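Student: Take this structure first; my questions come after.
Read-outs: derived from the displayed coordinates by stated rules, not from any lab. It should be emphasised that the depicted structure is a prediction, and the values quoted were computed from it without experimental measurement. Cβ placement follows ideal geometry from the backbone for every residue including glycine, while neighbour counts extend to all protein chains displayed.
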Amino acid sequence: MEARKISDDIIAAISTPIGTGGIGIVRMSGTGSLSLLKKIFKCNCNDFQSHHIYYGSIVDETENIIDEVLVNIMLAPKSYTREDVIEINCHGGLLCVQQILQLILNSGARLAEPGEFTKRAYLNGRLDLLQAEAVIDVINSKTNLSKQVAVNQLNGSLSNKINECLQMILDIIARIEAAIDYPDEYEIFDVSQEILNVSEKIKKLLDSADVGKIIHDGINIAIVGKPNVGKSSLLNNLAQKDSAIVTDIPGTTRDIICEYINIDGISAKILDTAGIHSTENVVENLGIEKAKLCAQNADIILLLFDWSREFDNDDKNLLSFYNSEKILFVVNKIDLPQKFFAPDNLQLIKISAKKNFGLDDLRKNIKKIVFGKNIFDKSNEVFVCNVRHKTALKNSYDSLMRALKTISDDLSIDLTVIDLRDAYDFLGEIIGQSVSDKITDEIFSKFCVGK
Ligand code: GDP
């Protein structure tokens with residue numbers, strides 16, 4: 001990629017998590033990093049070469065040894081930022097990294113902003129914006145699948161598809177403009193089929209966005225039901241740990257408790273809510289309101305009933321609250337004698353959270369809702385996972401549809417070109433070709449310092 005801006009100051013930051021650990025890394029990037037290093041690093045070598053590791057000590061102005069270290073030198077342009085990058089591997093823990101960073105800052109560098117190393121990699125043309133965004137997704141991914149999708153994006157799988165579409169649109173524009181500018185040499189012809197071809201490719205990417213969002217963000221599953229049906233027991237069973245307090249005293253869970261589980265590569269946040277029933281208790285009612293809101297916002301609701309108690313008014317009210325495709329009706333405690341008889345047509349999943357019965361069936365049904373009718377092909381390496389990308393793709397697709405309409409309405413070919421240019425610009429936003437500094441800053445502000 002082409003470079004955009006050249007930054008000339010040296011940035012520095014601690015790149016490893018703060019806390020006790022074997023090794024800590026302090027990183028700097030920018031022209032002059034090597035000269036700065038020479039002021040604070042003592043070793044048996046004077047001639048430093050790129051992509052070599054040097055053993056020695058970091059020393060302060062009075063030659064006091066701060067730490068024994070290994071230093072990686074990666075000179076421009078073969079580095080993460082395409083600038084001179086130095087990484088100092090010191091002992092982990094709070095003090096060594098902080099003292100070394102302070103020494104570097106005192107020697108002329110400035111503290112890096114969040115994501116500034118990656119931002120420089122982007123501004124210096126090493127990564128496009130899509131790939132830079134993938135870096136944060138790799139760091140934040142919670143499941144193998146979301147990490148794999150992010151790694152593919154980092155390696156350019158989605159960028160390649162976007163670039164292919166950009167090139168196709170550019171070719172159409174070039175052919176039309178050649179015909180407008182040189183009417184004697186080039187004939188104006190119908191480009192509808194070409195526009196359709198590129199719009200189909202964009203549509204395919206757009207179609208992957210729903211599954212992409214699930215892979216990237218995971219899903220929220222709310223467990224709701226009257227008190228004592230086993231909501232907390234179900235959360236604990238699914239999460240395989242005792243997160244929620246389980247008692248036979250109704251009203252124990254008053255706030256929302258959440259745990260993360262992994263369902264076939266999808267990160268699911270399970271929310272245990274207060275038992276919903278009619279009560280005069282003010283505190284309990286606050287919890288119930290929260291539970292109702294939580295269920296409303298959830299992607300999936302597990303509406304839980306109790307096999308050992310009769311279907312009562314509280315159950316009936318719950319059924320009338322929630323009536324949508326995102327509900328699974330689950331009856332718990334089937335290890336106990338049956339007193340529960342569900343209304344007709346209610347498809348029940350039978351489980352015992354305590355005896356660990358029927359949970360696989362429940363997980364299968366959750367997956368069915370998650371992926372719905374989508375044929376979820378994990379081998380597909382390209383998913384659009386980000387709302388910014390989805391919006392830009394949609395805008396680009398709509399512009400192409402408008403371009404097609406100008407042709408079918410027999411309007412001026414100039415109008416078709418305007419729509420095609422819009423389609424090109426929207427698509428270009430995704431990889432950072434035509435994106436404002438404000439959006440770029442916003443993207444990098446989500447990174448951690450040191451990346
Ligand atoms: P919640 O109020 O809906 O969260 O219910 P809890 O999870 O706190 O459970 C209420 C009571 O039901 C506790 O005594 C649990 O041990 C019991 N319980 C939960 N699940 C089962 C089950 O599958 N079988 C039996 N026999 N008891 C259960």
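Student: So for the chain, averaging the separation of alpha carbon pairs under 8 Å that are six or more residues apart and normalising by length, what relative contact order in percent results?
Tutor: 16 percent
Student: Continuing with this model, one more query. Count the net charge of all other residues whose Cβ sits under 9 Å from the Cβ of residue 235, scoring Lys and Arg as +1 and Asp and Glu as -1.
Tutor: On the way: positive: 231; negative: 259, 272.
Spelling it out: positives minus negatives among the neighbours equals -1.
Student: Let me ask something else. With a sphere of radius 11 Å drawn around the Cβ of residue 205, what net charge do the other residues whose Cβ falls strictly inside it have (Lys, Arg +1; Asp, Glu -1)?
Tutor: Details: positive: 161, 201, 203, 204, 390, 394; negative: 164, 200, 207.
Summing Lys/Arg as +1 and Asp/Glu as -1 gives +3.
Student: Let me ask something else about it. Considering only the chain, what is the antiparallel percent among its DSSP beta bridges, to the nearest 5? Numbers along the way, then the final one.
Tutor: Working: 34 of 55 bridges.
Within the chain, antiparallel bridges account for around 60 percent of the total.
Student: Continuing with the same structure: Could you give the DSSP H helices of the chain that reach 20 angstrom or more along their long axis (alpha carbon positions) and whose average Kyte-Doolittle hydropathy is no lower than -0.5? Intermediate results must be reported in sequence, preceding the final value.
Tutor: On the way: long enough: 157-181 (36 Å, 0.55); 192-207 (22 Å, -0.39); 282-297 (23 Å, 0.06); 387-408 (31 Å, -0.47); 413-431 (28 Å, 0.73).
Membrane-span-like by this criterion, though nothing is claimed about a membrane: 157-181, 192-207, 282-297, 387-408, 413-431.
Student: Something else: When the dipole is taken about the Cα centre of the chain, and only Lys, Arg (+1) and Asp, Glu (-1) are charged at their Cβ, what size is it in debye, to the nearest 20? The partial results should precede the final answer.
Tutor: Working: 50 positive and 63 negative charges, 358 e Å.
Using Cβ point charges on Lys, Arg, Asp and Glu, the chain gives about 1720 debye.
Student: If the only charges are +1 at each Lys and Arg Cβ and -1 at each Asp and Glu Cβ, what is the size of the charge dipole of segment 270-332 around the Cα centre, to the nearest 20 debye? If you can, show how the numbers build up before the last one.
Tutor: Numbers: 5 positive and 11 negative charges, 36 e Å.
That gives segment 270-332 a dipole magnitude of about 180 debye.
Student: Could you give the dipole magnitude of segment 94-172 about its Cα centre, charging the beta-carbon of Lys and Arg +1 and that of Asp and Glu -1, in debye to the nearest 20?
Tutor: Here segment 94-172 has a charge dipole of around 260 debye.
Student: For the charge dipole of the chain, defined by +1 on Lys and Arg C-beta atoms and -1 on Asp and Glu C-beta atoms about the Cα centroid, which residue among 340, 176, 112 has the Cα displaced farthest towards the positive pole?
Tutor: Selected residue: 340.
Student: Also, quick follow-up: Could you give the length gained by full extension between residue 344 and residue 51, i.e. 0.36 nm per residue of separation minus their alpha carbon distance, to one decimal place? Please list the in-between numbers first.
Tutor: Numbers: separation 293, 0.36 × 293 = 105.48 nm, distance 7.14 nm.
Extending this stretch completely gives an extra 98.3 nm.
Student: Further, regarding this structure: Taking a cut-off of 25 Å, what percent of all Cα-Cα pairs in segment 7-137 are separated by more than that? The partial results should precede the final answer.
Tutor: Values: 1826 of 8515 pairs.
Tail of P(r) above 25 Å: 21 percent of Cα pairs.
Student: By count of other Cβ within 10 Å, fewest leading, how are 410, 312 ordered? Can you show the working numbers first?
Tutor: Working: 410 7, 312 13.
The fewest-first ordering by Cβ neighbours comes to 410, 312.
Student: Test of understanding: ordering 191, 382, 387, 85 by Cβ neighbours within 10 Å, fewest first, what list do you get?
Tutor: Values: 191 21, 382 18, 387 12, 85 24.
With the fewest neighbours first, 191, 382, 387, 85 line up as 387, 382, 191, 85.
Student: Just tell me the longest site-free run in the chain, where the sites are chymotrypsin sites (Phe, Trp or Tyr not before Pro) in a DSSP loop having at most 11 other beta-carbon atoms within 10 Å. Could you put the intermediate results ahead of the total?
Tutor: On the way: sites that count: 189, 341.
Here the longest segment lacking exposed loop sites spans 1-188.
Student: Sort 57, 267, 146 by Cβ crowding within 10 Å, fewest neighbours at the top.
Tutor: Numbers: 57 16, 267 19, 146 25.
Fewest to most other Cβ atoms nearby, the residues stand as 57, 267, 146.
Student: Within the set of other residues whose C-beta is less than 9 Å from the C-beta of residue 73, count the net charge using Lys and Arg as +1 and Asp and Glu as -1.
Tutor: Details: positive: none; negative: 84, 87.
Around residue 73, the surrounding residues sum to -2.
Student: After finding the eigenvalues of the alpha carbon gyration tensor for segment 111-235, what semi-axes result from the square roots of 5 times each, listed largest first in whole Å?
Tutor: On the way: eigenvalues 385, 112, 20 Å².
They are 44, 24, 10 Å, listed largest first.
Student: I'd like to know which of 352, 55, 198 lies farthest towards the positive end of the charge dipole of the chain, counting +1 on Cβ of Lys and Arg and -1 on Cβ of Asp and Glu.
Tutor: The residue sitting farthest along the positive end of the dipole is 352.
Student: Identify, among 159, 124, 232, the residue whose Cα sits farthest towards the positive end of the charge dipole of the chain, taking +1 on the Cβ of Lys and Arg and -1 on the Cβ of Asp and Glu, with the dipole about the Cα centre.
Tutor: Ranked along the dipole, the leading option is 232.
Student: Here's something else I'd like to know. Working only with C-alpha atoms, what are the Rg and Dmax values of segment 17-77, expressed in angstrom?
Tutor: So, for segment 17-77, Rg and Dmax equal 12.2, 34 Å respectively.
Student: From the mean inverse distance of alpha carbon pairs (Kirkwood) and the Cα radius of gyration, derive Rg over Rh for the chain.
Tutor: Working: Rg = 29.1 Å, Rh = 26.4 Å.
Rg divided by Rh gives 1.10.
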